[in-house]
1. So which residues in segment 31-51 are part of a helix (DSSP H, G or I) and farther than 14 Å from residue 81 by Cα?
2. Could you tell me which of the residues 91, 44 is in contact with a helix residue (DSSP H, G or I) (Cβ under 8 Å, 6 or more places away or on another chain) and either more than 18 Å from residue 11 (Cβ to Cβ) or modelled with pLDDT of 90 or more (or both)?
3. What residue, of 27, 62, 70, 37, is surrounded by fewer than 17 Cβ atoms within 10 Å (Cβ to Cβ), touching a residue at least 40 places away in the same chain (Cβ under 8 Å) and out of contact with any strand residue (DSSP E or B) (no Cβ under 8 Å at 6 or more places or on another chain)?
4. Based on this model, can you work out whether residue 132 counts as part of a helix (DSSP H, G or I), farther than 23 Å from residue 31 by Cα and at pLDDT 75 or above?
5. Criterion first (surrounded by fewer than 16 Cβ atoms within 10 Å (Cβ to Cβ) and not in a helix (DSSP H, G or I)) does residue 17 satisfy it?
6. Scanning segment 135-149 for residues that are under 13 Å from the mean Cα position of the chain (by Cα) and in a helix (DSSP H, G or I), which turns out surrounded by the most Cβ atoms within 10 Å (Cβ to Cβ)?
């Protein structure tokens, strides 16, 4: 039976210990993994830690991949989401006296103040969404994943995904409209 998973052959090579396959897998998947993790966590260092853990899991579990159960990309995104939400839960439970010094991730001084304020408002509005709504928005708009795959990643029906997206958009409109008054 022919698989419709474009990553299956590469995954088999990773499982067999082919070092060039591991490099190819990282080159192929790292940008999206980092992008998703950074969007959800808002911290490049944490996103890199998540990416490292994701690729360790790929390497360890490549030989046990169950062909036909789900697309590899669906599993990959689900692992990234779970690791990110684990980190977000840990953050909520961690209290510090003084926040760590961090480089400002925002635009440089040459960018307009209005653009920065708008981006900050959008980011804050997305960050304020409930976890599942934020997850749906990030998958759809920042990862360019279609409804069918996003629903599979989230483990919900397409109708439930569309409902989450509708509520998220409504919440974003309300939040952003409030910022402009």
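1. 31, 44, 45
2. 44
3. Result: 70 is the single residue among 27, 62, 70, 37 that is surrounded by fewer than 17 Cβ atoms within 10 Å (Cβ to Cβ), touching a residue at least 40 places away in the same chain (Cβ under 8 Å) and out of contact with any strand residue (DSSP E or B) (no Cβ under 8 Å at 6 or more places or on another chain).
4. no
5. Criteria met by residue 17.
6. 136
The values are calculated or read from the model by the stated rules, or taken from the named source; none is laboratory data. Being a predicted model, the structure only gives us computed values, none of them experimental. When we count neighbours, we look across all protein chains shown, and the Cβ atoms used for this are built from the backbone with ideal geometry, even at glycine.
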